[in-house]
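Accompanying notes for the structure given below.
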Amino acid sequence: MTTPSPNPRIGRAKAATARPVVDPERILIVAPVTVGDMVMAEPLTRLLRRLYPKAAIDMLAPPPTADLGAFMPELRTLLPAPYAPGDLALVARWRLSRRLRGENYDLAILLPNSVKSALVPFLAGIPKRVGYAREGRALLLTEARWLDRARLRRRIDRFLALALPENATPPFDAPAPVLQVTEDVIDGALASLGLERPAGRLLLLLPGADDTSPARWPAGHFAALARHHHAAGGSVWLLGSARDREATAAVQAASGGICLDFAGRTSLGEAVALVALADAVASNDSGFASVAAGLGHRSLVELTPQQAIDALSAEERRP
């Protein structure tokens, strides 16, 4: 057995021998555990569809991110994992692997780098299991790739590379992630939340941010944008997870209570639908920012507050 080499030309730690899978008929993607990374996985589904037009592509996703799979049309089936991220849950993983054996997957692509994420494909006996050689999990993979960070700088490129031959160059001009949300999904989310479509243009504010985010707009910046949009006749909604409630409450207070606050009140799927409904989005650096980008929104917090107001004004003047 060899171990991963820092030389990218060597690049693979073989712990098992895979039978050749030239054109896989059934592919399982093991999805990432964070919202932002899950969005970054969407272009992989399109690359796999281009490489294997007839293959069935399924995704095994943890509960916090599973809802996002519904907005990736290349997927045949979304399989919510019966365990939380980080849980060893050996019995649950073993039972799931027994069920997946009957699916006869040819190829598994593992996007997380943990040992635990490799257990189910290994126990399910999927003949080709591709992932990066991290946490000493090479024994569970048939292709344990060396991660060349200098060559694969972006997370999206690291995901795409796993679908290509080991030394192939990923398509660095790959399109940005795209989430597809239908009008029926939007209407269903509104009905579930007891809402109607706003009469005017909708501005969605997402002031929450990841703990490691180096830069974020303070509440006052969001409030200034909210007041401007409200004065122009638009609607302003606040969105975020339960842990963002303090941030959204600060914006609501600073804006004089003119917003509707939905932080912690939506499922992930409903939140995606609301982002798709919005005419403009201002989001700090969080998983929701990736969702907004995947739905074609440019986050206004990339600008100064005045520039954001000017950009919003230009959008408001459009017929």
Please report, in cubic angstrom per residue, the volume enclosed by the convex hull of the alpha-carbon atoms of the range 40-170. 107
Packing-ranked peptide list from 246-252, 179-185, 133-139, highest mean Cβ count within 10 angstrom first, is 246-252, 133-139, 179-185
In whole µm²/s, the translational diffusion coefficient that Stokes-Einstein assigns to the range 180-260, given a Kirkwood hydrodynamic radius over C-alpha pairs, 20 °C and 1.002 mPa s, equals 156
Convex hull volume of the range 52-98 per residue (C-alpha atoms, cubic angstrom): 81
For the chain, report the % of Cα-Cα distances exceeding 28 Å. 45
Quick one: pull the percent of accessible area on the chain belonging to carbon and sulfur, 1.4 Å probe, ligands and nucleic acids left out. 53
If you roll a 1.4 Å probe over the heavy atoms of the protein chains, what accessible area per residue do you get for the chain, in Å²? 47
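The values are calculated or read from the model by the stated rules, or taken from the named source; none is laboratory data. Remember, it's a predicted structure, so these values are computed and weren't measured experimentally. Every residue, glycine as well, gets a Cβ built from its backbone with ideal geometry; the counts of neighbours run over all protein chains shown. Side chains are part of the model used for accessible areas, which takes the heavy atoms of the whole protein and leaves out ligands, DNA and RNA. Shrake-Rupley method; radii C 1.70, N 1.55, O 1.52, S 1.80 Å.
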